[in-house]
Amino acid sequence: MMCKKNPIVLLLGLFLLLSEVSLAQEATLFGTVKSKKDIAIEGLSVEYKNTGAISDPEGKYIINLPANKELSIVFSHLSFQNQIHKITLKEGEKRNLDLLFDAEVTIISEVELVDDALRDQNITTIDKKNLDVITGPTGGVEGLITTLGGVSSKNEMSSQYSVRGGNYDENLVYVNGFEIYRPFLVRSGEQEGLSFINSDMVENISFSAGGFDARYGDKLSSVLDIKYKDPKAWKSHLTLSFMGVNATVEGINKSKRWSHVTSYRQKTNQFLLNSLDTKSNYKPSFKDFQTLNTYHFNSQMKLSFLAHYSLNAYHSVPESRHSDFGTIDKPLRLYIDFDGQEKDAYESGMGAARFDYQIHDSLQMSLSASLFQTVEEEFYDVEGQYWLGQLDNSLGSDNFGEVVANRGVGGYFRHARNELFARVYNLEYRGKWYRNYMTLDWGAKYQHELIDDRLKEWQLIDSSGFSMPQGLDDELELFEFVQAENELSSSRLSSFVQQSGHLELDSAKLTYSLGFRAQYRSMNGELFVSPRAGLSYRPNWKKDMLFRAAVGSYNQSPFYRELRDEKGLLFTDLKSQKSTHFVLSADYNFQSWDRPFKFVGEIYYKDLKDLIPYEIDNLRIRYLPELTATGYTTGIDLRVNGEFVPGMESWASMSVMKSEEDIKDDGHGFIPRPTDQRFAFSMFFQDYLPRNPSYKMNLKLHYSSGLPVGAVNSERYEQTIRIPAYRRVDIGFTKVIKEGGEGSKSKCFKHFDSVWLSAEVFNLLGIRNTISYLWVTDVVQNQYAVPNYLTSRLFNLKLQAKF
């Protein structure tokens, strides 16, 4: 009866029960580790999944391990060659294992061990070597993420993505444990510039589309966890293409204590922009610099520092636009003459430091601090005069395809002087304690935000029904006018506790994760608690099957954009948006054609409350904080990956989803959310010539059904028109000139470890995808949606060299 009335007592009892059960069926492994020169090695790590130990100054170690099963034990140290030993211990056995290590550093791939550990946690891992071959204008980590189930991107010029019905602001992104922030004022992919994540610096990629653990933060949709390299040797990587240059250097000093990876990138998407309908003198310039430095004081303490600076500048002087649209029965043409220019700049910097301390074999703690700052400017004065004409559609006519009737003439003037300054401070403490089959994680974080926003923009439209004086003395009314000066200073405190572990049963392995997060926001005085739980069950079947279930509360407190309405007013009393995730999944590893494959299927339901409705135009999210809504998202994601071609990983993903919301008191019931993508299919495929594997091919295919939109200034319930489906194929062909000791023997390449030359075709099928609409009105008040098309077919050449 007490347990029924007090769920905390029940939860604590479950924790104690799991801890007691985990003490059964154990054995002990101990020994001494030395170098080949018979010198004891201090600080050598001995690990098996969540269990670990560190050798003492005499080189001695001791670790408790599960009995009666084959184990892969990893012995690793920065200054010595890693070793992996497979052993089987009997219950109660104490076995001595002394080892000698070579002093030279080598790199051992532990992808399979890492994937097996994260498999129980509803986490998808991606092999970093695919970053070198992925084709597309975006490429990199985001280019791979968008091929996974439940992930969608409909703009090849942007690194932003939505996950299972969420928007771009609902995704957590971490680099080495530090949260990354996206730009505030960016409206389109043309302006966005470089993503924070630098592919040349990446070591591990982990992603969850929902149901993730309490150790991750407070957002509604997904988490992308990136770990940068901790180099063990000196290397350099140079990439040159029509889109820019990447230069990366990594290395470690002689004492093996200090290591760094440093990179500079410069990108221009000018040749992409030249394929758009709007002819303009485009001058984009995107640059960034990143460095990660790590210093190992000893085997127990290390200090790391991550620094980033970026300057993304976009300058455009538009000249004209020519767009044909409509239907076969009613073809139309829009022609616009422009005058003016647009200048945007997004300058940001970040500095972050973390101190890690392995207090003893079972306890580690860390303290980190970070500062993020951005200065963004959006300046434009653009005048446009347009003509809307009807085309001759008579096949036998001499004027076929020419304008035969004028449907409308108009003009507009757009002006903006928008400036935003933001600074975010973070201070975080984390701890981890592990014993046998159980791990306890906890942490606390303080965050302070300063935002200074200056808005001034207006738009005059001189078209039928827009700007018409009512009398001789009346002035023209602006179609849109926004002027506001906002300053926001707020703090938030958050914390989490999570226990995870596993039980070895006779017939199965059971892995669990139980935890909760809590957050307090000073701006609105809100305090919320988010419990989360995950369970995986791996039966002892001949087939390698694993079943997972996850349920949790995910609350996202408004940051800044959610608070600001279309007039620039702030609604600072808004509470957090809330999503409860229910996820069931099956994971099957199998062999086909004597090669490894994996199939993953997930079904999910998200119950959404206290939603802030919004509209999406290209990349711009316009929140409607004066409204509130409830909603739901449900769907299924399927993915199969493996070696369709020996030695090369490929995969295909399919998603079916429905996402709707009901705006309070609007009287229209449930309507599709702006990210309601009903169907998606993606594929990443690699191949090579069997008789000459130095010639490789990779292909990325994406199809997704259209998203709902509406006319300018329409009500939210009216925005149900669907953009045409997004269809795109990018393909790349690579010649491996040199790889290790194989390939060209020319003296030109004797100092290079690897040289690759790639030819890429973006948008192979030449399909004109629609990202948004320009709305124009004719003389009889008819509105026309003129498609804003994305890029057409383009060719890119890329050279990659490692040395």
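Each Cα pair under 8 Å and six or more residues apart adds its sequence gap; the mean of these over the residue count of the chain is a relative contact order of 9 percent.
Surface analysis of the chain yields an accessible area of 45 Å² per residue, using protein heavy atoms and a 1.4 Å probe.
Got a sec? What order do Ser299, Ser323 fall in by accessible area at 1.4 Å, biggest, i.e. largest, first? Write out the running numbers ahead of the final one.
On the way: Ser299 45, Ser323 0 Å².
Largest to smallest exposure gives the sequence Ser299, Ser323.
Across the protein chains, with a 1.4 Å probe defining accessible surface, the residues Lys37, Lys432, Lys343 rank Lys37, Lys343, Lys432 from largest area downward. Rolling a 1.4 Å probe over the protein chains gives Asp398 an accessible area of about 150 Å².
Would you mind telling me the antiparallel percentage of the DSSP bridges in the chain, rounded to 5? The partial results should precede the final answer.
Values: 361 of 372 bridges.
Around 95 percent of the beta bridges assigned by DSSP in the chain are antiparallel ones.
Summing Lys and Arg as +1 and Asp and Glu as -1 over all other residues whose Cβ lies under 9 Å from the Cβ of Phe582 gives a net charge of 0. Ligands, DNA and RNA excluded, the heavy atoms of Ser362 present near 30 Å² of accessible surface to a 1.4 Å solvent probe.
Computed on protein heavy atoms with a 1.4 Å probe, the accessible areas place Leu569, Leu148 in the order Leu569, Leu148, largest first. Among the GluC sites (Glu not before Pro) within segment 703-762, those in coil by DSSP and having at most 14 neighbouring Cβ atoms inside 10 Å are Glu715.
Measuring nothing but protein heavy atoms, the accessible surface of segment 618-761 at 1.4 Å probe radius is 60 percent carbon and sulfur. Taking GluC sites (Glu not before Pro) across segment 580-645, the ones in a DSSP loop with at most 15 further Cβ atoms lying within 10 angstrom of their Cβ are Glu626.
Under a point-charge model restricted to the Cβ atoms of Lys and Arg (+1) and Asp and Glu (-1), what is the dipole moment magnitude of segment 612-655 relative to its Cα centre, in debye to the nearest 20? Can you show the working numbers first?
On the way: 3 positive and 6 negative charges, 16 e Å.
In total the dipole reaches around 80 debye.
Beyond a 29 Å Cα-Cα separation, which of these cross-linked pairs lie in this structure: Lys235/Lys302; Lys229/Lys696; Lys37/Lys94; Lys598/Lys798? Exceeds cut-off: Lys598/Lys798. Charges on Cβ only, +1 for Lys and Arg, -1 for Asp and Glu, centred on the Cα centroid of segment 122-211; of Val151, Leu172, Ser188, which one is farthest towards the dipole's positive end? The residue sitting most towards the positive pole is Val151. Only one residue of Phe372, Ile612, Ala533 has its Cα farthest out toward the positive end of the dipole of the chain, where Lys and Arg carry +1 and Asp and Glu -1 on Cβ, and that residue is Ala533.
In this Cβ point-charge picture (+1 for Lys and Arg, -1 for Asp and Glu), the chain has a dipole of about 3220 debye about its Cα centre.
Given a 1.4 Å probe and the protein chains as shown, Asp98 ends up with an accessible area of around 90 Å². By the rule of a C-alpha distance below 18 Å, with chain neighbours fewer than 8 residues away ignored, the aspartates and glutamates paired with Lys267 are Asp132, Glu142, Glu156, Glu190, Glu192, Asp200, Asp288, Asp344, Glu347, Glu760. Roughly how many whole Å is it from the C-alpha centroid of segment 345-413 to that of segment 113-180? Cα centroid to Cα centroid, the span is 20 Å. Taking packing as the residue-averaged number of other Cβ atoms within 10 angstrom, the listed peptides 308-315, 136-143, 229-236 run from highest to lowest as 136-143, 308-315, 229-236.
Its Cα gyration tensor gives the chain an equivalent ellipsoid. The semi-axes, each the square root of 5 times an eigenvalue, are 49, 32, 26 Å from largest down. Counting only lysines at least 8 places from Lys567 when in the same chain, those with an alpha carbon closer than 28 Å to its own are Lys154, Lys219, Lys343, Lys456, Lys575, Lys578, Lys609, Lys664. Each of Ala711, Ala680, Asn641 was placed along the dipole of the chain (beta-carbon charges, centred on the mean Cα), and the one lying farthest toward the positive end is Asn641.
Charges were assigned to the Cβ only: +1 to each Lys and Arg, -1 to each Asp and Glu. The resulting dipole of segment 226-340 about its Cα centre is roughly 980 debye. Between segment 674-716 and segment 248-316, what is the separation of their alpha carbon centroids in Å? Taking the Cα centre of each part, segment 674-716 and segment 248-316 sit 27 Å apart.
As a check on your grasp of the helix formula, calculate [θ] at 222 nm for the chain: sum -39500 (n - 2.57) over DSSP H runs of n ≥ 4, divide by the residue count, round to the nearest 500.
Numbers: 6 runs with 42 residues, N = 803.
Taken over the chain, the calculation gives -1500 deg cm²/dmol.
Where Lys and Arg each count +1 and Asp and Glu each count -1, what net charge lies around Gln591 among other residues with Cβ under 12 Å from its Cβ? My count for the surroundings of Gln591 gives +1.
Counting only aspartates and glutamates at least 8 places from Lys738 when in the same chain, those with an alpha carbon closer than 12 Å to its own are Asp753.
Restricting to Cα pairs below 8 Å that are 6+ residues apart, what does the relative contact order work out to for segment 667-776? Please round to a whole percent. It would help to have the intermediate numbers written out before the result.
Numbers: 194 pairs, mean separation 24.8, N = 110.
It rounds to 23 percent for segment 667-776.
Which percent of the accessible heavy-atom area of segment 349-415 goes to carbon and sulfur, probe 1.4 angstrom? Numbers along the way, then the final one.
On the way: 1720 of 3250 Å².
On segment 349-415, the fraction of accessible area on carbon and sulfur atoms equals 53 percent.
Here the peptides 660-666, 203-209 are ranked by packing, the mean other Cβ count within 10 Å, and the order with the highest first is 203-209, 660-666. Each Lys or Arg adds one and each Asp or Glu takes one away; over the other residues whose Cβ falls under 13 Å from the Cβ of Ile87, this sums to +3.
The values are calculated or read from the model by the stated rules, or taken from the named source; none is laboratory data. This structure is a prediction, so every number in the text was calculated from the model and none was measured. Counting neighbours? That spans all protein chains shown, and the Cβs are built from the backbone with ideal geometry, glycine included. Just the protein is used for accessible areas: all its heavy atoms, side chains included, with ligands, DNA and RNA removed. Shrake-Rupley method; radii C 1.70, N 1.55, O 1.52, S 1.80 Å.
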